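Comments concern the structure below.
The values are calculated or read from the model by the stated rules, or taken from the named source; none is laboratory data. Source: prediction; values computed, not measured. Backbone-built Cβ (ideal geometry, glycine too); neighbour counts: all protein chains shown.
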């Protein structure tokens, strides 16, 4: 039997009309990741417009309003695979008013692909999306300088844009950054090299996707198991279902339950295929324990000697997604893993200027703004700092009246335990 292929989740980002949908369409088309009826549909659309070549962006932009305007509005998810790896693509919109959609798409990504139009260079939205993906601690960033065919495949143009981007990104916390020239429309450097950029000696886009290392990015040390529901099919079985957000668990391991602190031992690990001896992130499993303990949705199972932080007040970075501004004293529901708790914005510390990355002392956040705040919750929240654990270090704020998602945040430190301030964001 062939070895099971791993899964890479990546998000495409950048300013409007940088060619994100065309790139994904080209990738799907050349990797045989589309069905015949899909190809026939876009070929017919091209024929109706009197165009010779099919518009590959239509493979991603499925909404009627997207096709009419030639833009991406909602996040489009696509799946394809090669002989080496499986992929889930999240194509996010470039408009500033849809930044909230981009945050949603990037929240689970292993890799961020940021496109830049070779004619326009680094724009404000390019900087905004770059800051967001570093804020979300996405471990790998690939910058694609697209539409090289429109600048005669000029190496000078590419090198200038690369220099500008590296100068801006030097102020961001980036683990792994690569910059590559491509032409999504013509296909150069997407799945094959083409013959127009022999001066570039790096890998193609597809080859990069197949080989980027994501195994080492996973946290397999801190076992965190937020309980989603209790499974009780009969009197003889009581299990706790959820997804392992990080770490590894084996049958017989000692565990503790938060927030009660009760201790027990793992009796069995049940999956769809049956019982297993060991499970790890991001598997969804059912755990049974040797002791009868009162456990419900929102509780968290951990290893006894590896405990997360427990606090009802913490400092967080928030990306605001609501037309109604966030202000000091605002009340919301904080959704963290499987737990929901009432919360209040205790203090607005500052807003971040996306262009300069400078801090501005303001007492509210508007739509698409990003800032640092202190959150006070009604009950303690069990979390790890985001840079250590993306799953337990993130949350969303929900409007109490409309039930709409108002903001997304990441937790850095408990309030009162902050590091010494510096001049960087």
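Here residue 274 meets the list (1) free of Cβ contacts under 8 Å to residues at least 24 places away in the same chain; (2) out of contact with any strand residue (DSSP E or B) (no Cβ under 7 Å at 6 or more places or on another chain); (3) under 24 Å from residue 86 (Cα atoms) almost entirely, failing just condition (3). Does residue 202 meet the test of being in contact with a strand residue (DSSP E or B) (Cβ under 7 Å, 6 or more places away or on another chain) and on the phi > 0 side of the Ramachandran plot? Here the answer is no, as residue 202 does not meet what is asked. Take the range 374-402 and flag every residue that is free of Cβ contacts under 8 Å to residues at least 60 places away in the same chain and farther than 22 Å from residue 227 by Cα. Of everything in the range 374-402, those that are free of Cβ contacts under 8 Å to residues at least 60 places away in the same chain and farther than 22 Å from residue 227 by Cα turn out to be 401, 402.
Looking at this structure, is residue 207 in the same structural domain as residue 23 (by TED's automatic domain parsing) and under 28 Å from the mean Cα position of the chain (by Cα)? If you could, list the steps in order and put the result at the bottom.
Values: in the same structural domain as residue 23 (by TED's automatic domain parsing): yes; under 28 Å from the mean Cα position of the chain (by Cα): yes.
Taking the combined requirement at face value, the residue satisfies it.
In the set 112, 105, 76, 90, only one residue is closer than 18 Å to residue 367 by Cβ, surrounded by 19 or more Cβ atoms within 10 Å (Cβ to Cβ) and within 20 Å of the chain's Cα centre (by Cα); that residue is 105.
Out of the residues in the range 140-164 meeting the condition of being in a loop (DSSP other than H, G, I, E, B) and out of contact with any strand residue (DSSP E or B) (no Cβ under 6 Å at 6 or more places or on another chain), tell me which one is surrounded by the fewest Cβ atoms within 10 Å (Cβ to Cβ). Walk me through it before giving the result.
Taking the range 140-164 and keeping what is in a loop (DSSP other than H, G, I, E, B), we get 147, 152-154.
Keeping just the survivors that are out of contact with any strand residue (DSSP E or B) (no Cβ under 6 Å at 6 or more places or on another chain) gives 152-154.
Numbers: 152: 9, 153: 21, 154: 15.
Within the range 140-164, the match that is surrounded by the fewest Cβ atoms within 10 Å (Cβ to Cβ) is 152.
Working only within the range 320-338, note down all residues that are more than 23 Å from residue 101 (Cβ to Cβ) and either assigned by TED's automatic domain parsing to the domain that holds residue 100 or touching a residue at least 40 places away in the same chain (Cβ under 8 Å) (or both).
Here is the first cut: in the range 320-338, the residues more than 23 Å from residue 101 (Cβ to Cβ) are 327-329, 331, 338.
The answer is 331, 338.
The lone criterion from (1) part of a loop (DSSP other than H, G, I, E, B); (2) in contact (Cβ under 8 Å) with a residue 40 or more places away in the chain left unmet by residue 195 is number (2).
Quick one: which of 368, 339, 389 is surrounded by 15 or more Cβ atoms within 10 Å (Cβ to Cβ), modelled with pLDDT under 95 and in contact with a helix residue (DSSP H, G or I) (Cβ under 7 Å, 6 or more places away or on another chain)?
On the way: 339 fails: in contact with a helix residue (DSSP H, G or I) (Cβ under 7 Å, 6 or more places away or on another chain); 389 fails: in contact with a helix residue (DSSP H, G or I) (Cβ under 7 Å, 6 or more places away or on another chain).
Residue meeting the stated conditions: 368.
Among residues that are without any contact (Cβ under 8 Å) to a residue 60 or more places away in the chain, assigned to a strand (DSSP E or B) and either out of contact with any strand residue (DSSP E or B) (no Cβ under 7 Å at 6 or more places or on another chain) or loosely packed, with under 13 Cβ neighbours inside 10 Å (or both), residue 232 is included.
Residue count for the range 204-215, restricted to those that are in a loop (DSSP other than H, G, I, E, B) and either touching a residue at least 12 places away in the same chain (Cβ under 8 Å) or buried (at least 16 other Cβ atoms within 10 Å of the Cβ) (or both): 3. Here residue 240 meets the list (1) in contact with a strand residue (DSSP E or B) (Cβ under 7 Å, 6 or more places away or on another chain); (2) surrounded by 17 or more Cβ atoms within 10 Å (Cβ to Cβ); (3) under 30 Å from residue 139 (Cα atoms) almost entirely, failing just condition (3). Selection within the range 151-165: residues that are under 16 Å from residue 123 (Cβ atoms) and without any contact (Cβ under 8 Å) to a residue 24 or more places away in the chain. The member of this set that is nearest to the chain's Cα centre (by Cα) is 162. Among the residues of the range 171-192, the ones that are modelled with pLDDT of 90 or more, under 16 Å from residue 141 (Cβ atoms) and in a loop (DSSP other than H, G, I, E, B) come to 1 in all.
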